[in-house]
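The values are calculated or read from the model by the stated rules, or taken from the named source; none is laboratory data. Everything numeric here is computed off the predicted structure, so don't read it as measured data. All Cβ positions, even for glycine, are placed from backbone atoms using ideal geometry, and neighbour counts span all protein chains on display.
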Amino acid sequence: MSLIKPKTEKLVKRLTIVATITASYFLLTADYGPKPNALDPIKKQLLSAQNSVKEYIFGSKTESQEKHIEKLDSNKDHP
């Protein structure tokens, strides 16, 4: 018997998963710095998810998201 409402419990579980993934990412990339590495695709997915949440909460900012992704791609070309 759970004392927490099912919706709240589901939200807490999802937030825990996201926090764990984020902490793992930062621990894995702590030694790499800004240099291009094998974890760049994960970084792009995290930023994409972050921007999706921001867009959902605050409204659409498509141009700034595209510029941010282009900036990441240009950093990869110029180490």
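Among the residues that make up the stretch 15-32, is at least one of them within 26 Å of K71 (Cβ to Cβ), outside any helix (DSSP H, G or I) and of a type outside the set (A, V, I, L, M, F, W, C)? Scanning the stretch 15-32, I find at least one residue that is within 26 Å of K71 (Cβ to Cβ), outside any helix (DSSP H, G or I) and of a type outside the set (A, V, I, L, M, F, W, C), so the answer is yes.
Kindly provide the set of residues from the stretch 41-63 that are closer than 22 Å to S74 by Cα and either under 10 Å from the mean Cα position of the chain (by Cα) or at pLDDT 80 or above (or both), ordered by number. Within the stretch 41-63, P41, I42, K43, K44, Q45, L46, L47, S48, A49, Q50, N51, S52 meet the criteria.
For I69, state whether it is of a type in the set (A, V, I, L, M, F, W, C) and modelled with pLDDT of 80 or more. Taking the combined requirement at face value, the residue does not satisfy it. Might you let me know whether the stretch 6-26 holds any residue that is acidic (D, E) and at pLDDT 80 or above? Looking through the stretch 6-26, at least one residue is acidic (D, E) and at pLDDT 80 or above.
Could you please tell me which pairs satisfy a Cβ distance under 8 Å, a separation of 6+ or placement on different chains, a first residue in the stretch 1-24 that is surrounded by 10 or more Cβ atoms within 10 Å (Cβ to Cβ), and a second residue that is assigned to a loop (DSSP other than H, G, I, E, B)? Matching pairs, first to second residue: E9/S2; V12/I4.
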